[in-house]
Structures are given as structure tokens and as C-alpha cells.
Amino acid sequence: MIGNDWDLLLKEEFNKEYFKNLENFVITEYNHKIIYPKINEVYNAFRYTSYQDTKVVIIGQDPYHGENQAEGLCFSVKKGVVKPPSLINIFKELHDDLGYDIPKNGSLVSWTKEGVLLLNAVLTVEKDKPTSHRDKGWEQFTDEIIKLLNQKKEPIVFILWGSYARSKKKLITNKEHYIIESAHPSPLSAYNGFFGSRPFSKTNNFLISKGLKPINWEIKD
């Protein structure tokens with residue numbers, strides 16, 4: 001289904017009753033409504049970042065619900081698509097933290113190639129209806145993803161922005177890992193602790209301290 005080590009790790013999950021029910025629901029939704037991201041992009045986060053390569057996890061809630069925005073990676077939008085407000089604020093913090101120019105495009109695909117898993121808790125959404133696929137089974141699936149990552153011996157940085165992402169903290173019990181948490185980058189909360197939180201330099205400082213290669217956060221246009 002994915003094409004890398006996630007397939008073997010998730011083999012049992014794919015065969016569970018809840019996942020089969022979820023799959024039937026999602027297929028029906030795609031057949032009768034406009035659903036994002038495209039059906040072949042739902043698992044992009046895992047295709048772009050294998051389990052073995054994951055060094056950083058950023059947790060989002062659910063995909064963007066506007067036309068052509070979602071590409072299967074939390075906070076990321078396809079090139080040529082107007083950057084959503086939360087992503088604009090992420091880039092502002094990136095600039096303030098590490099000094100990189102704010103990119104013209106909003107695709108975070110380059111981060112995935114650095115080992116950043118861009119994980120939404122819910123992987124699909126109906127057009128113009130945020131959180132419309134909540135409580136259908138996706139959360140059980142992605143909680144299992146977090147639990148699997150928690151089991152990794154190699155240190156991982158978990159970046160939790162906002163109360164929803166921070167609710168996943170209870171799943172991260174391995175003392176080898178490092179949790180960075182702050183307010184959400186949305187305009188409603190960015191000034192309540194997101195701006196100035198320096199998640200990008202904190203991540204790299206931790207990785208370096210563990211003898212690991214830091215993330216190249218710079219996005220080239």
C-alpha cells in the first residue's frame with residue numbers, strides 16, 4: 001500500500017476490523033463527494049518518509065479542505081497554491097529562528113526528504129468541511145503510527161503545535177525522544193507562544209547532541 005518499511009510494520013493494522021470499516025467509508029466518500037487529498041496522495045506522509053528514516057515528526061489535525069491545497073502532508077500545500085495563514089506563520093518563525101528567506105511556495109516535500117514525517121491525525125477531509133472525517137477510524141490508525149515511532153531506539157523529535165497535537169503527548173513515553181510543544185501557528189494563537197518558540201533550531205540542537213545529522217529546513221523555490 002505504501003511501498004517501504006511502513007507496509008510490514010502496519011500489516012496487522014491494515015487487517016483489523018476498524019481499518020477495513022474506515023477503508024470502506026473512505027472509498028464511498030471518494031466515490032460520491034469531493035474529498036482531499038487526491039486518493040493516491042492519502043498516504044504521502046509515509047511514502048515520502050519511511051519509518052527507518054524518520055527523525056522528526058510534526059503532528060497536524062486534518063488535511064486542508066480547500067481546492068488543490070492538500071497533498072497528504074500536514075501544513076504543506078502544493079506548489080502554486082496560496083499559502084494558508086498557519087503555514088505563513090510557520091515560515092515567519094523559520095525565518096526568525098534560522099534566518100532563511102521565506103519561500104514563495106508552500107510545499108514542505110523537501111522536509112520529508114530530510115526525515116521529517118508530516119503526519120495529520122486524520123488523513124482525509126470533505127471539500128470545505130473541516131474535520132468532516134473525524135472519528136471515523138483515522139485517529140486510531142495514526143495513534144498506532146505514533147506508538148510505533150515511540151518504540152524506535154533512535155532518538156526522534158516530536159513537534160506538537162496546539163492543544164490537539166499536544167494531546168498526543170501521552171503516547172510518547174520513550175525517554176530517548178524529545179518533545180517540543182507550543183501554541184498552534186494559526187493566526188488565532190501564534191502570538192500566544194508559537195512565535196519565538198524556535199522549534200527548528202531546538203530540533204537541530206537535539207539531533208546534533210545525539211550525533212545525528214541536523215535537518216536542512218531551508219525551502220528552495
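Miscellaneous remarks
- Residues that are outside any loop (DSSP other than H, G, I, E, B), open to solvent by 80 Å² or more (accessible area, probe 1.4 Å) and within 16 Å of Tyr164 (Cβ to Cβ), drawn from segment 183-204: Asn192
- Residues of segment 1-48 that are crowded, with 17+ Cβ neighbours inside 10 Å, more than 19 Å from Cys74 (Cβ to Cβ) and either without any contact (Cβ under 8 Å) to a residue 12 or more places away in the chain or not acidic (Asp, Glu) (or both): Leu9, Phe19.
- Checked against the criterion of being modelled with pLDDT of 95 or more and in contact with a Gly (Cβ under 6 Å, 6 or more places away or on another chain), the candidates Ala190, Ala183, Ala165 yield just one match: Ala183.
- Among the residues of segment 177-201, those identified as touching a residue at least 24 places away in the same chain (Cβ under 8 Å) and not hydrophobic (A, V, I, L, M, F, W, C) are His177, Tyr178, His184, Pro185, Ser186, Pro187, Ser189, Gly196, Ser197, Arg198, Pro199, Ser201.
- Every residue from segment 98-122 that is in a helix (DSSP H, G or I), touching a helix residue (DSSP H, G or I) at 6+ places or on another chain (Cβ under 8 Å) and open to solvent by 10 Å² or more (accessible area, probe 1.4 Å): Leu98, Val109
- The numbered conditions (1) open to solvent by 10 Å² or more (accessible area, probe 1.4 Å); (2) in contact with a strand residue (DSSP E or B) (Cβ under 7 Å, 6 or more places away or on another chain) are all true for Val82 except (2).
- Looking across segment 71-88, the residues that are in contact with a Pro (Cβ under 7 Å, 6 or more places away or on another chain) and either closer than 15 Å to Ile219 by Cβ or modelled with pLDDT under 95 (or both) come down to Glu71, Val77.
The values are calculated or read from the model by the stated rules, or taken from the named source; none is laboratory data. As the structure is a computational prediction, the values presented were derived from the model and not from experiment. Cβ coordinates were reconstructed from backbone atoms using ideal geometry, including for glycine residues, and neighbour counts include every protein chain displayed. Heads up: the accessible areas ignore ligands, DNA and RNA and are worked out on the full protein's heavy atoms, side chains in. Shrake-Rupley method; radii C 1.70, N 1.55, O 1.52, S 1.80 Å.
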